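The values are calculated or read from the model by the stated rules, or taken from the named source; none is laboratory data. For clarity, every value in this text was computed on a predicted model and none was experimentally measured. When we count neighbours, we look across all protein chains shown, and the Cβ atoms used for this are built from the backbone with ideal geometry, even at glycine. Just so you know, the surface numbers come from the protein's heavy atoms only, side chains and all, with ligands and any DNA or RNA stripped out. Shrake-Rupley method; radii C 1.70, N 1.55, O 1.52, S 1.80 Å.
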Amino acid sequence: TPCEHSFPTRRSSDLGAEHNGAWKAELIDAVQAAWRVMWINRFRTALTLLGIIIGVASVIVMLAVGEGSKRQVMAQMGAFGSNILYLSGSSPNPRTPLGIVTLNDVAALAALPQVKRIMPVNGSDAGIRYGNLDYLAYVGGNDVNFPQIFNWPVVEGSYFTEADERAGATVAVIGHRIREKLFKHVNPIGQYILIENVPFQVIGVLAEKGSSSGNKDSDDRVAIPYTAASVRLFGTYNPEYVTIAAADAHKVQEAEQAIDQLMLRLHNGKRDYQLTNNAAMIQAEARTQNTLSLMLGSIAAISLLVGGIGVMNIMLMTVRERTREIGIRMATGARQRDILRQFLTEALMLSVVGGLCGIALALLVGGVLMLAKVAVQFSLVAVLGAFGCALVTGVVFGFMPARKAARLDPVKALTSE
């Protein structure tokens, strides 16, 4: 009958629900038992937790400090322009005239999506005089993109404006070394210097940068408006070279290819120009990132290994101490998987509590380091990764003691002292 056919289906459904409920009840019992054991052996549990806490906290803090340091290093390298390309006129061969890069070329290149900023530079070494002091330095006609492209702020006074650029104003922003050589203890702002006998008023001083890779000192330079340099000093509006900031510092090669293809079209297929970049600095940046990642990975592995050994140690001691208890449980009907689940739950509980405390300690230490002006950059991925590794480590190192407990001979376990 229909009723007879429907009964087994209802019966199997009820059995599934009972099995599911029994599984949940067993899990809750295992968690409660694990917590009770941890609480009874508080001192020993605290020592084991200390290893996990220190391991997790050290991983998170070291990753945060490493990330902060890496960003700081990249910012310092960016000050020398690791994403900068340089475009200048060149001769295809020694018998042909030098190619000319024009302002029209600059305007066309500025429209490329791979180009973040572009700046023509019209400059040359020139004599600079203040009072009876003379100095030879590089004088470059630039536009208002100079501080952003080179990540080079003004520390005294201000940089010239677009209005100064349009008007061809005779104003100058000097480098740190020129400030030291010509002005010494005098405030340079508002003073006049002669650049090739043309008076320019000093309105700002660039931050000290130094030199890179043995190049000429970057602070030996003067920045003036491009129009003023073209009209009053060099007599041409065509740039000496063009400075280009790539939109993505990690895709400089792609930007270089896009610029090269456009320049070939603009110059009718003639490669009468030269395009270079700071490839060595980009490679150094990549090596720095890889070294930091390797160092942090090693520290993380060692820290988690120490925490895992601590879990294994306490679990082995627990199995030895509770051999008689395990024998009684087996004699009263407990299966191997019940014993295995009980001890794995205890290992997992240690890892969970230790991981959470380690995260709290890491955030506390990170806050103290931030107050001490140390570059720290926390990452949610790093925090979750360290916690997840702590859980995995606890289970992996807790499995062997748990399996040892589950495989004990009930007779021998009951007769043990």
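Within the range 110-124, the presence of at least one residue that is surrounded by fewer than 17 Cβ atoms within 10 Å (Cβ to Cβ) and closer than 15 Å to residue 226 by Cα is confirmed.
Scanning the range 183-203 for residues that are in contact with a Lys or Arg (Cβ under 9 Å, 6 or more places away or on another chain) and either at positive phi or in a loop (DSSP other than H, G, I, E, B) (or both) turns up 188, 196, 197.
Cβ-Cβ contacts under 9 Å between residues 6 or more apart (or on different chains), taken from a first residue in the range 229-257 that is closer than 19 Å to residue 148 by Cβ and touching a residue at least 60 places away in the same chain (Cβ under 8 Å) to a second residue that is of a type in the set (Phe, Trp, Tyr) and in a loop (DSSP other than H, G, I, E, B), are listed as 243/150; 245/150.
Among the residues in the range 194-206, are any over 23 Å from residue 234 (Cα atoms), aliphatic (A, V, I, L, M) and surrounded by fewer than 18 Cβ atoms within 10 Å (Cβ to Cβ)? No, every residue in the range 194-206 fails to be over 23 Å from residue 234 (Cα atoms), aliphatic (A, V, I, L, M) and surrounded by fewer than 18 Cβ atoms within 10 Å (Cβ to Cβ).
If you go through the range 324-352 and keep only what is at pLDDT 75 or above and polar (S, T, N, Q), you end up with 342, 345, 351.
For the residues 273, 237, the requirement of being at pLDDT 75 or above, closer than 30 Å to residue 198 by Cα and of a type outside the set (Val, Ile, Thr) singles out 237.
Would you mention how many residues in the range 139-153 are open to solvent by 40 Å² or more (accessible area, probe 1.4 Å) and within 13 Å of residue 219 (Cα to Cα)? Going through the range 139-153 one residue at a time, the tally reaches 1.
For the residues 52, 100, the requirement of being modelled with pLDDT of 80 or more, touching a Ser or Thr at 6+ places or on another chain (Cβ under 7 Å) and not in a strand (DSSP E or B) singles out 52. The single condition among (1) part of a helix (DSSP H, G or I); (2) farther than 13 Å from residue 120 by Cβ; (3) not aromatic (Phe, Trp, Tyr) that residue 222 does not satisfy is (1).
The residues of the range 390-413 that are over 15 Å from residue 312 (Cα atoms) and either within 19 Å of the chain's Cα centre (by Cα) or surrounded by 17 or more Cβ atoms within 10 Å (Cβ to Cβ) (or both), listed by number, are 406, 408, 413. For the range 253-270, state whether one or more residues are open to solvent by less than 10 Å² (accessible area, probe 1.4 Å) and more than 39 Å from the chain's Cα centre (by Cα). No, every residue in the range 253-270 fails to be open to solvent by less than 10 Å² (accessible area, probe 1.4 Å) and more than 39 Å from the chain's Cα centre (by Cα). Would you confirm whether any residue within the range 333-346 is outside any helix (DSSP H, G or I), in contact (Cβ under 8 Å) with a residue 60 or more places away in the chain and among the aromatic types (Phe, Trp, Tyr)? Scanning the range 333-346, I find no residue that is outside any helix (DSSP H, G or I), in contact (Cβ under 8 Å) with a residue 60 or more places away in the chain and among the aromatic types (Phe, Trp, Tyr), so the answer is no. Among the residues making up the range 258-270, a single one is at pLDDT 90 or above and polar (S, T, N, Q): 261.
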